[in-house]
Amino acid sequence: MREPRLRSLLLVLALIAAPAVALRARCDADGCGHEAAAPAARAPFCSLPPAFRSLVIAGFRDGRSPDVLAATGTGRVASADGSRLQRWPSVDDGPPEVPIALLGSAVRPEPIPAGTRLDAIAPTLEGILGVDRPFPGVRSGTAIEGLARDDGSPLAVVVVWKDVGSSDLADAPEAWPWLRGAMHADGAFTLHGSTGSLPVDPAAALTTIGTGGLPFQHGITGERVRTDSGRVAEAFGRAAPLPVIATFAEDLDERTGQRSRVGLVATSERDRGLVGGSWYPGADRDDVTIGARDPAEEVERLLAAGYGEDADPDLLAVTVSGTVRAMDRATRDIVERVRDEVPAATIVVTATGSVDAGLDPERGEAIVAGVERTLGAPATLVDAIAAGGLFLDEPAVAATGIGADEVASTMLGSTTAAGAPLFADAYPAYAVSLSRYC
């Protein structure tokens, strides 16, 4: 459905541009005065800073991402997701930074370059565990050079702090004493890693860590994604589409004939992008625990089942959430148990990025209400709100004739409490698809 619509859109754009091209040619021949030139039309998305656009492009996949996307300016917007608010991308923010630390005897204690992305973790573990993954060209990530020692490691444990980034650590330097000490004692680390994409979304970031590819490749662009049937689903829910590329854990299982042990201890079903489990056909025997009361105890239970005990390398992924102090303590407890059982294990500690929207952000729900009121649209027009955009209901769009362009234009009229424009730009998804023409 979308491909014919995109071709029709391109034809319409060409027809719109044709009179302007003809007028320009006539002026070139007749010497029209510069004062007669019409102001240039705004190009959606192209007006944003190039570095910001690159992050949005990396986080976008046509057919999976929201239909309308937006970047805030001086204001802030956040969408409710359960008990937390998830902020929308802002051109006033710096790059979304995250800590990345690798610890253990198989890791050289070298600085990790600033700007290293989360998609570098999986290929770095390939070298440490001695795994050669197929189809490297489908993944953007490359290994961090110079970190892997020759002796390797029997087990990799990846611990991911959800909903925090380096800015949160900088705001509470006293709240993460264990991680600070571990990084300086025997690790390779940086506080200036990058999610590699926008919007900052845990499901997207965790799948980037798990696959070694960015969202434009793996297709899990957020905690809500568009399905092949056109509906909106929770990532890794029953109706959700699979990641487009395999995770490192899935390739590890495939390479060893399921002899490698793979485990996930997670806070949510939406964390499954760390290990996957459904990409290759056939039964998968991963150990998966969702919502463990004490993740360290669950890790200890899995270790007792034989992780790191034989020649086939194993992988154990853990997500933790809560305050920075609580996650630091939980990580300390996990790592102590791992090192007691498998001293040669390699530990990775990283995070999904800060979702803090600042004080009194505009709510995504209020943006939707304003759009519906201004356009006279039914409440069914917006199917779901995501971090940084809106999914439109395809039947409602067809029935009303109100599409992504009208919604984006209406959003541009939103203002902050002080009367300033709330959005630096709002744009339909096709503007990102066509961004190579910016």
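With r defined as the distance between the Cβ atoms of residue 360 and residue 280 and R0 fixed at 41 Å, what FRET efficiency is calculated, to the nearest 0.05? Show your work: numbers first, answer last.
Values: r = 47 Å, r/R0 = 1.15.
For R0 = 41 Å, the calculated efficiency reads 0.30.
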Once phi is turned into ³J(HN,Hα) by the Karplus curve 6.51 cos²θ - 1.76 cosθ + 1.60 with θ = phi - 60°, what whole-Hz value does each residue of the stretch 305-316 show in order, with x for glycine and proline?
7, x, 4, x, 9, 10, 6, 8, x, 10, 9, 10
For Cα extents along the principal axes in Å, with candidates (i) 80, 44, 43; (ii) 129, 77, 33; (iii) 74, 50, 39, the value calculated from the shown model is option (i)
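Could you give the length gained by full extension between residue 62 and residue 170, i.e. 0.36 nm per residue of separation minus their alpha carbon distance, to one decimal place? Before the final figure, lay out each step's value.
Values: separation 108, 0.36 × 108 = 38.88 nm, distance 3.51 nm.
Gain in length upon complete extension: 35.4 nm.
What FRET efficiency comes out for residue 47 versus residue 310 if R0 is 41 angstrom and r is the Cβ-Cβ distance? Round to the nearest 0.05. Walk me through the intermediate numbers first.
On the way: r = 56 Å, r/R0 = 1.37.
Once the sixth-power term is evaluated, E becomes 0.15.
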Cα centroid separation, the stretch 277-301 to the stretch 333-367 (Å):
18
In order through the stretch 380-389: 3J(HN,Hα) via Karplus (6.51 cos²θ - 1.76 cosθ + 1.60), integer Hz, x for Gly, Pro
8, 4, 9, 7, 7, 9, 10, 5, x, x
If amide H atoms are built 1.01 Å from N in the plane of the peptide, which residues on other chains or at least 5 residues away come under 5 Å of the amide H of residue 392?
67, 68, 383
Taking Cα centroids, how far is the stretch 214-254 from the stretch 49-79 in Å?
19
Pull out a ≥ b ≥ c, the square roots of the eigenvalues of the alpha-carbon gyration tensor of the stretch 315-375, then state rounded if a/c is under 1.5, prolate if not and a/b is larger than b/c, and oblate in the remaining case.
prolate
Could you tell me the calculated FRET efficiency between residue 184 and residue 142, based on Cβ-Cβ distance and R0 = 30 angstrom, to the nearest 0.05?
0.70
What share of the DSSP beta bridges in the stretch 229-387 is antiparallel, in percent to the nearest 5?
0
For residue 80 and residue 301, compute 0.36 nm times the residue count separating them, minus their Cα-Cα distance, and round to one decimal in nm.
76.1 nm
Accessible area expressed per residue, the chain, with surrounding protein chains retained (probe 1.4 Å, Å²)
44
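Hey, what number do you get for the chain at 222 nm if only DSSP H runs of n ≥ 4 count, each worth -39500 (n - 2.57), divided across all residues, to the nearest 500?
Working: 14 runs with 144 residues, N = 438.
That comes out to -9500 deg cm²/dmol.
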The chain, accessible surface, carbon-and-sulfur percent (1.4 angstrom probe)
53
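Full-extension gain between residue 228 and residue 340, please, as 0.36 nm times their residue separation minus the C-alpha to C-alpha distance.
Details: separation 112, 0.36 × 112 = 40.32 nm, distance 4.59 nm.
Using 0.36 nm per residue and subtracting the Cα-Cα distance, I get 35.7 nm.
The values are calculated or read from the model by the stated rules, or taken from the named source; none is laboratory data. Bear in mind that the values here come from a model prediction, so they are computed numbers and not experimental data. Neighbour counts are summed over all protein chains in view; Cβ atoms, including those assigned to glycine, are modelled from backbone coordinates with ideal geometry. Areas reflect the complete protein model, heavy atoms only, side chains present, ligands, DNA and RNA absent. Shrake-Rupley method; radii C 1.70, N 1.55, O 1.52, S 1.80 Å.
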